[in-house]
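Taking it in order: structure first as structure tokens, then the write-up.
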Amino acid sequence: MNMSYFNHPLLRKNFLRFREYQEIISNSALNKNTLVILPTALGKTIISLLVSVNILYNYKEKRILILAPTRPLVNQHWDSFISNIKLLDEQTVVVTGKISPHARTIVWNNKTIRLFFSTPEVVKNDIINKRLSLVDFFLVVFDEAHRAVKNYAYTFISDQYTKHCLNPLILGLTASPGSEKNKIQEICDNLFIENIEFKTEEDKDVKRYINPIDLKWQWFDLPSEYQYVKSILKTMLDEKLNWLNSRNILRKNSKWIFKRDLISLGEQLKSKLNITLEEDRRSIYYALMQQSIALSLMYCIELVESQGFHSLGTFLARTRPEESKSHKIMLGDNRIKEIKRLMENLHMDHPKVQYLLKILKERHDPQSILNKRGNSSHSAPEVISRVLVFTQYRDTAQHIVEMLIKDNIRASKFVGQSKRQGDPGMKQEEQNSILKNFREGEFSVLVATSIAEEGLDIPEVDLVVFYEPIPSEIRHIQRRGRTGRKNIGSVLILATKDTIDQLYLDITRKKIDRMKSIFSSPSIDLKLKTLERTNLELDPMTKEEIDYLDSFLNSEKRTKIKSLPGQNKISHEKIKAFTNDNSLVQFRKTVERTARKIYSLVSCSGNSGMDLDLIYKILGQEDELVNAGLQMLKKLRRIKIIGKKIILSENVRKVQGQTYDIEIEKVMMGKAIVLINGKWHASLHHYDYRGPKELIKKGKEFKAVGELYHDNDNLNMRVDQIL
């Protein structure tokens, strides 16, 4: 036996490097609901893979569900699994919101599929709408398990799973569950955790797989010009806080009031509005205005301290006086006008930007590298390093990239998909392209927001830069884990003295120490649940089935094989038997059912149609039966087949009304707030909407035929047809 690699009948030979701690943890997770806490890059996904192959092998009728918070993460898990496990293509599937609800029902009910990869919201919606039952799933994996708090979908899924499955097994994966004992307990409660596996870089069985990381802090003094702007903003902020305190609206020393306090106050005031008569609301509106201005000023101070004049200037330029009265009052203040003039005249970057440009120029200039190493001109220059810069704000990311490119350093920004004011975000295809180019060396510096912290397959980097500290031990650990995977890595944290930076840095240090102390204690003192399970007899795969997989996967000519030996599916021989036994009525009914499923799938795909290969994969039926259904639809002139594309041959009935561009801005109970044609805000009530539920999510955009109407001076939208 080659102990350099994991060996298992369902693992590809000599693919997966052996690590003892992964084997120990995966074995402990086979019989108990387990939370695995392991630093980034130490192979949490591999542990879930090892648990999965044991279950797939020993219980050949059972299925597994792998959950991850985002589509890119889901695809990443799928790619990792299929690269290492011996399974046929049709035995694994990725289920996301891009597949229509009806098609998802067909996929969930397809017993051929044994390994499912999905996002939690899709699974939650499909359970609620009875498209999915988790009864015959032996294992559910929750990646980024620290999200299993409050109303996140993980909580609902685990509850439904343990209620309805007789043999539930849960595996939670995270780099850090947080530092608060009550939050860790909440995660354990919500995922019904019975066992915790915690490892750090200092553990003996882990240490030899860890490369040392050189962690440094670079401190900066805030320039006098910045101090002056900060003092003006602080004076304005104190005026608002004193007003709120003097009326007992905010009962706290202004020195210890933070953003979360003002956000909480805003929620309280809005709730109070709902139960107050119209004639008594004026004072609450005024208090809300003061709270809103105070929150904006606090944000401005944070930008000055930790980001720079560029980010503050961009924020003020983007803030429109016509959007709200609070914006109008703040922007109309002569002190804000003075700040704007000062920044325009100075064109002065934050010292962080200047320092960052300096060190990156040194790392990416071959001559500087040679001079630093003292090499002769004949020596080969050091390989240009790959750097990942993290920043909280998109404006800062854009500014850093522009400055780097001016200095002839190849760089690109990397941000999330959601829209922000002045920033359209990045589509998934664009994100994938950027990561591919970064991996292939098209550019050497990636400047990213929080999107690059959690799980994504970012290439190994030599240096990670925190443009600012963050008050989250989870995010700190995730950022730090982006380096030191294959070689010695470096982490550099930029922080301004006596500012929010220093406060956040202190908070993070304390949280990391507290988390380690919680799990390092001989008695963790967490109340873990014990689940009652029924005894389930082993039903392992046979040698014949394993040999079949090997022969298929090793064959050079991979023909489309639709089923394993002995599986109950409609074969070509059975179709012949229907006709030989004169059971034409039964066969015709089977074809009609298949034709209805095909027509429904194509209808859900809209005007673009559907790929033929996808039809075969979703239906999971023999080619002959699907072909019979397709022929029936063609004869009825319901569909057309053009190349490998199936489209509806009849035009969809056009409804009367005007066409509008709709963007979902906010989803509330029973309705959504939408932006119409980028101009007007309207309410979209559930009874006025005829379309798929999947579109009613914040940030979704679509075209629709419908009608605008007024109800008690409120603008409403009626959607009759999605285009």
Checklist entry - For region 27-42, what are the residues that are crowded, with 21+ Cβ neighbours inside 10 Å and under 19 Å from H8 (Cα atoms)? => result A29
Checklist entry - Going by the conditions given, is F142 closer than 24 Å to R104 by Cα and in contact with a helix residue (DSSP H, G or I) (Cβ under 7 Å, 6 or more places away or on another chain)? => result yes
Checklist entry - If you scan region 37-71, which residues turn out to be under 11 Å from F81 (Cβ atoms) and not aliphatic (A, V, I, L, M)? => result T45, S48, S52
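Kindly check whether there is at least one residue in region 364-381 that is at pLDDT 90 or above, in a helix (DSSP H, G or I) and among the hydroxyl-bearing types (S, T, Y). Before the answer, list the steps.
Looking only at region 364-381, we keep the residues that are at pLDDT 90 or above, and these are none.
There is no residue in region 364-381 that is at pLDDT 90 or above, in a helix (DSSP H, G or I) and among the hydroxyl-bearing types (S, T, Y).
Select, from L173, L132, the only residue that is assigned by TED's automatic domain parsing to the domain that holds P39, more than 17 Å from the chain's Cα centre (by Cα) and of a type in the set (A, V, I, L, M). Steps first, answer last, please.
Details: L173 fails: more than 17 Å from the chain's Cα centre (by Cα).
Result: L132 is the single residue among L173, L132 that is assigned by TED's automatic domain parsing to the domain that holds P39, more than 17 Å from the chain's Cα centre (by Cα) and of a type in the set (A, V, I, L, M).
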Checklist outcome for this item: Scanning region 98-134 residue by residue, the ones that are at pLDDT 85 or above, of a type in the set (G, A, S) and crowded, with 17+ Cβ neighbours inside 10 Å total 1
Next on the checklist: Under 8 Å between Cβ atoms, which residue pairs at least 6 apart in sequence (or on different chains) link something in region 272-283 that is free of Cβ contacts under 8 Å to residues at least 60 places away in the same chain with a partner that is surrounded by fewer than 10 Cβ atoms within 10 Å (Cβ to Cβ)?
Outcome noted: none
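Could we say that L265 is closer than 13 Å to I284 by Cα and at pLDDT 90 or above here?
Working: closer than 13 Å to I284 by Cα: yes; at pLDDT 90 or above: yes.
So L265 passes the test.
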Item to check | Odd one out for R439, checked against (1) touching a residue at least 40 places away in the same chain (Cβ under 8 Å); (2) over 24 Å from R147 (Cβ atoms) | outcome: (1)
Item to check | Close pairs (6 angstrom Cβ cut-off, 6 or more residues apart or separate chains): touching a residue at least 24 places away in the same chain (Cβ under 8 Å) in region 147-165, in a helix (DSSP H, G or I) and among the acidic types (D, E) anywhere | outcome: V149/E186; A153/E121
Next on the checklist: Taking the conditions exactly as written (of a type in the set (V, I, T) and either more than 30 Å from the chain's Cα centre (by Cα) or at pLDDT below 80 (or both)), does I474 satisfy them or not?
Outcome noted: yes
Next on the checklist: All but one of (1) surrounded by fewer than 14 Cβ atoms within 10 Å (Cβ to Cβ); (2) in a helix (DSSP H, G or I) hold for F438; state the number of the condition that does not hold.
Outcome noted: (1)
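Applying the selection to region 212-271, what residues are in a loop (DSSP other than H, G, I, E, B) and surrounded by fewer than 14 Cβ atoms within 10 Å (Cβ to Cβ)? Even if it seems obvious, please write down each step before you answer.
Going through region 212-271, the residues in a loop (DSSP other than H, G, I, E, B) turn out to be 212, 221-223, 247-253, 257-258.
Once the filter is applied, which keeps residues that are in a loop (DSSP other than H, G, I, E, B) and surrounded by fewer than 14 Cβ atoms within 10 Å (Cβ to Cβ), region 212-271 yields P212, D221, R247, N248, R251, K252, N253, F258.
Could you check region 300-350 and list, in sequence order, the residues that are among the small types (G, A, S) and assigned to a helix (DSSP H, G or I)?
Of all residues in region 300-350, those among the small types (G, A, S) come to 306, 308, 311, 313, 317, 324, 326, 332.
Once the filter is applied, which keeps residues that are among the small types (G, A, S) and assigned to a helix (DSSP H, G or I), region 300-350 yields S306, S311, G313, A317, S326, G332.
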Checklist entry - How many residues are assigned to a helix (DSSP H, G or I) and closer than 16 Å to L67 by Cα if we restrict to region 93-106? => result 1
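Can you report the number of residues in region 157-188 which are part of a loop (DSSP other than H, G, I, E, B) and of a type in the set (S, T, N, Q)?
Residues of region 157-188 part of a loop (DSSP other than H, G, I, E, B): 165-169, 175-180.
Add one more test, that the residue is of a type in the set (S, T, N, Q), and what stays is 167, 176, 179.
So the answer is 3.
Each row is one residue, and each column tells you yes or no for (1) touching a residue at least 40 places away in the same chain (Cβ under 8 Å); (2) assigned to a loop (DSSP other than H, G, I, E, B); (3) in contact with an Asp or Glu (Cβ under 6 Å, 6 or more places away or on another chain).
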{"position": "H8", "(1), (2), (3)": "yes, yes, no"}
{"position": "F15", "(1), (2), (3)": "yes, yes, no"}
{"position": "E23", "(1), (2), (3)": "no, no, no"}
{"position": "L35", "(1), (2), (3)": "yes, no, no"}
{"position": "T45", "(1), (2), (3)": "yes, no, no"}
{"position": "S48", "(1), (2), (3)": "yes, no, no"}
{"position": "V53", "(1), (2), (3)": "yes, no, no"}
{"position": "L56", "(1), (2), (3)": "yes, no, no"}
{"position": "L65", "(1), (2), (3)": "yes, no, no"}
Checklist entry - Cβ-Cβ below 6 Å, separation at least six or inter-chain, first residue in region 703-723 and closer than 15 Å to A672 by Cβ, second surrounded by 15 or more Cβ atoms within 10 Å (Cβ to Cβ) and of a type in the set (K, R): which pairs? => result G706/R718
Item to check | Counted residues, region 395-435 - those being surrounded by fewer than 20 Cβ atoms within 10 Å (Cβ to Cβ) and over 25 Å from G97 (Cα atoms) | outcome: 10
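Which one of these is under 25 Å from D221 (Cβ atoms) and without any contact (Cβ under 8 Å) to a residue 40 or more places away in the chain: L503, L494, L463?
That would be L503, the only listed residue that is under 25 Å from D221 (Cβ atoms) and without any contact (Cβ under 8 Å) to a residue 40 or more places away in the chain.
The values are calculated or read from the model by the stated rules, or taken from the named source; none is laboratory data. Keep in mind that what you see is a predicted model, and the values were worked out from it rather than measured. No Cβ is skipped: glycine too gets one built from the backbone with ideal geometry, and neighbour counts run over all protein chains shown.
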